[in-house]
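Below is one structure, written out as structure tokens; comments come after it.
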Amino acid sequence: MKLPGDISLTAAVSVWRRNMTEYGHTWMTNILPNFFDPVLYLLGMGLGLGMFVGRGVNGLSYIEFIAPGLMAASAMQGASFESTYNVFVKMNFAKLYDAYLATPAQIQDVAFGEQLWAISRGLIYGCAFFAVLLAFTAAGYRIITSPWAVLLPFAMLLTANMFALIGLTFTASIRNINYYGFYYTLWLTPLFLFSGIFFPLDNPQMAGGHAETIAWFTPLYHCVRLMRGLAQGPLDWTHGVSALWIIAVSALLAMVVPRRMRKRMVY
């Protein structure tokens with residue numbers, strides 16, 4: 001079956017299945033670091049720092065405020081690691097891509113298969129964190145309070161897809177694994193800190209009142225806003241704009257990734 005962009009779904013799913021099979025042997029050691037990172041932030045900052053904040057963040061306790069954003073970050077981290085380090089190792093050290101291309105699979109098929117697998121990883125981490133938040137909600141915290149929360153897995157899928165494509169674009173543009181230090185330190189970490197997870201961005205004293213405007217042009221901000229709206233409500237037109245922003249950027253990158261991957265393998 002052919003998808004737009006002359007992608008063979010059969011070949012792409014074969015790449016996804018190969019990754020899933022390998023992950024099945026090591027899932028316990030793989031899931032723990034990425035899963036516990038946002039959980040530790042939830043406990044350490046939500047409960048620890050939250051003792052000093054009280055209910056001063058939009059009428060919510062601090063743990064209630066940061067929880068949906070950390071869920072977005074969890075999906076981002078799962079998709080990002082898979083589409084960066086893991087793809088680079090398979091491409092350059094394991095020479096797995098040479099084996100892929102010795103079959104009828106084309107580079108666009110392989111790239112789409114890796115994208116599907118990165119989305120899967122993002123969903124695994126995001127949904128696992130969602131389960132933790134449901135447990136906190138059952139314990140009395142107002143974290144998941146909106147009926148629209150049933151759409152949170154869809155928001156995780158959008159988040160994971162976008163960051164999978166961002167990671168694949170970067171991976172296809174470098175030849176030295178050390179460049180990932182810049183990607184994580186100068187790209188993902190600032191997004192994590194300044195996308196509205198830990199504090200509201202609409203404060204007029206922040207960046208001269210332009211903090212939210214600047215953040216609007218960054219990807220994680222829209223994921224955080226969408227998940228917070230779905231988890232806690234109320235929804236308004238801004239959440240629809242964020243969903244469209246994520247979809248539009250993903251569609252643009254979906255056209256870029258196969259070309260970058262093809263150029264990377266040829267040169």
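Summary of values
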quantity: Residue that is nearest to residue 108 (Cα to Cα) [pool: residues in segment 43-57 that are free of Cβ contacts under 8 Å to residues at least 12 places away in the same chain, small (Gly, Ala, Ser) and part of a helix (DSSP H, G or I)]; calculated: 44
quantity: For residue 160: the one exception among (1) at pLDDT 95 or above; (2) surrounded by fewer than 16 Cβ atoms within 10 Å (Cβ to Cβ); calculated: (2)
quantity: Selection status of residue 225, on the phi < 0 side of the Ramachandran plot, surrounded by 21 or more Cβ atoms within 10 Å (Cβ to Cβ) and among the basic types (Lys, Arg); calculated: yes
quantity: For residue 106: the one exception among (1) at pLDDT 95 or above; (2) within 20 Å of residue 164 (Cα to Cα); (3) not hydroxyl-bearing (Ser, Thr, Tyr); calculated: (1)
quantity: Within segment 49-75, considering residues that are among the small types (Gly, Ala, Ser) and surrounded by 13 or more Cβ atoms within 10 Å (Cβ to Cβ), the one modelled with the lowest pLDDT; calculated: 50
quantity: Residue 261 vs. criteria over 18 Å from residue 68 (Cα atoms) and part of a helix (DSSP H, G or I); calculated: yes
quantity: Hits in segment 185-222 (condition: part of a helix (DSSP H, G or I) and either among the charged types (D, E, K, R) or in contact (Cβ under 8 Å) with a residue 40 or more places away in the chain (or both)); calculated: 188, 191, 192, 212, 219, 220
quantity: Yes/no for residue 144 being assigned to a loop (DSSP other than H, G, I, E, B) and either crowded, with 18+ Cβ neighbours inside 10 Å or over 20 Å from the mean Cα position of the chain (by Cα) (or both); calculated: yes
quantity: Per-region count, segment 165-206, residues aliphatic (A, V, I, L, M) and either over 20 Å from the mean Cα position of the chain (by Cα) or closer than 18 Å to residue 69 by Cα (or both); calculated: 8
quantity: Residue ID - nearest to residue 11 (Cα to Cα), chosen from residues in segment 111-128 that are in contact with a Phe, Trp or Tyr (Cβ under 9 Å, 6 or more places away or on another chain) and surrounded by fewer than 24 Cβ atoms within 10 Å (Cβ to Cβ); calculated: 116
quantity: Test: residue in segment 170-182 that is surrounded by fewer than 19 Cβ atoms within 10 Å (Cβ to Cβ), more than 26 Å from residue 100 (Cβ to Cβ) and at pLDDT 95 or above; calculated: yes
quantity: Criterion (surrounded by 13 or more Cβ atoms within 10 Å (Cβ to Cβ), free of Cβ contacts under 8 Å to residues at least 60 places away in the same chain and assigned to a helix (DSSP H, G or I)) met by exactly one of 241, 256, 249; calculated: 241
quantity: Any helices (runs of 4 or more DSSP H) falling wholly within segment 58-130 and containing at least 2 residues that are in contact with a helix residue (DSSP H, G or I) (Cβ under 6 Å, 6 or more places away or on another chain), within 22 Å of residue 183 (Cα to Cα) and among the polar types (S, T, N, Q); calculated: 62-81
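The values are calculated or read from the model by the stated rules, or taken from the named source; none is laboratory data. Predicted model, so just to flag it, every value in this text is computed and none were measured. Virtual Cβ from ideal backbone geometry, glycine too; neighbours counted across all protein chains shown.
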